[in-house]
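The values are calculated or read from the model by the stated rules, or taken from the named source; none is laboratory data. Owing to the predicted nature of the structure, the values given are computational and were not obtained by experimental measurement. Cβ placement follows ideal geometry from the backbone for every residue including glycine, while neighbour counts extend to all protein chains displayed.
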Amino acid sequence: MSRRGDGETRMATNTRPTSTSVGLYGGSFDPIHFGHLISARSVAEQLGLDRIVLIPSARPPHKLGGVKTAPEHRLAMAKLAVEGDPLFEVSDTELHREGPSYTFDTVRQFRQSLGDNADICWLIGGDTLPELPTWYRVRELVQCVRIVTATRPSWSRPAVSVLEPAVGPDAARALLNDCMMTPGIDISATDIRARVHDGRCTRYLLPDTVRSYIERNRLYRS
């Protein structure tokens, strides 16, 4: 994996020396906001991660109707959001791949690039954990990457029986043990898009650089 000057991360054959602990954080990021960033930093601090890689998804399998905002806009906003922050990088790896943006395929790419000795985890939100049984090749996924769930104070832990049929008893217990409390930042990308559409204020919800980008490109107006 190589780091470009603009903060974008590309997969490469000749990789540079890397840190041993990396958190991969995928999502539509439509748009990226402070809730994403605060949650990711909290997990990084609790786990002692060297870096977080934000991975905008091209075609999230679990979003009915897909993501309407063009991938290049969501990638640009992610890069602007973390510009100058050494904890974060942004990867466009899913934007160059055909078909649905399966986490299993993304993890496999990063594993090949970083090597078997790298300590890699995949970050998800509390609402996503009960949905894991529906994920593509989930039984294999939980064997090749540690999945860490960022939770909020009001979050309810799912029963082990929800996960066990899909991943097995040991993996189900590991998933539930890797749930970490993060600050309860109640910010929604859906609400931000609605606010922009209605001409309401989005200040304090997302970085100013992202707000300016949305205004310049007239995103979420229609």
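Among the residues that make up the range 45-58, is at least one of them under 22 Å from Ala194 (Cβ atoms), touching a residue at least 12 places away in the same chain (Cβ under 8 Å) and assigned to a loop (DSSP other than H, G, I, E, B)? The answer is yes, given that some residue of the range 45-58 is under 22 Å from Ala194 (Cβ atoms), touching a residue at least 12 places away in the same chain (Cβ under 8 Å) and assigned to a loop (DSSP other than H, G, I, E, B). Within the range 94-109, if we keep just the residues that are assigned to a loop (DSSP other than H, G, I, E, B), touching a Pro at 6+ places or on another chain (Cβ under 7 Å) and free of Cβ contacts under 8 Å to residues at least 60 places away in the same chain, the residue that is surrounded by the most Cβ atoms within 10 Å (Cβ to Cβ) turns out to be Tyr102. Taking the criterion of being of a type in the set (A, V, I, L, M) and in a helix (DSSP H, G or I), the residues of the range 197-218 that qualify are Val210, Ile214.
Pairs are defined by a Cβ separation below 9 Å, a sequence spacing of at least 6 or placement on different chains, a first member in the range 76-88 that is on the phi > 0 side of the Ramachandran plot, and a second member that is assigned to a loop (DSSP other than H, G, I, E, B); the pairs so defined are Gly84/Gly7. Tally up the residues in the range 106-151 that are more than 16 Å from the chain's Cα centre (by Cα) and either small (Gly, Ala, Ser) or at positive phi (or both), please. Qualifying residue count, the range 106-151: 4. The set of residues from the range 172-184 being over 26 Å from His36 (Cβ atoms) and of a type in the set (A, V, I, L, M, F, W, C) comprises just one member, Ala172.
Among the residues of the range 147-167, count how many are under 27 Å from Glu45 (Cβ atoms) and exposed (fewer than 15 other Cβ atoms within 10 Å of the Cβ). Result for the range 147-167: 4. Count of the range 150-183 residues, restricted to those that are in contact (Cβ under 8 Å) with a residue 24 or more places away in the chain and of a type in the set (Lys, Arg), is 1. Exactly one residue out of Asp85, Asp92 is more than 16 Å from the chain's Cα centre (by Cα), acidic (Asp, Glu) and at pLDDT 90 or above: that is Asp85.
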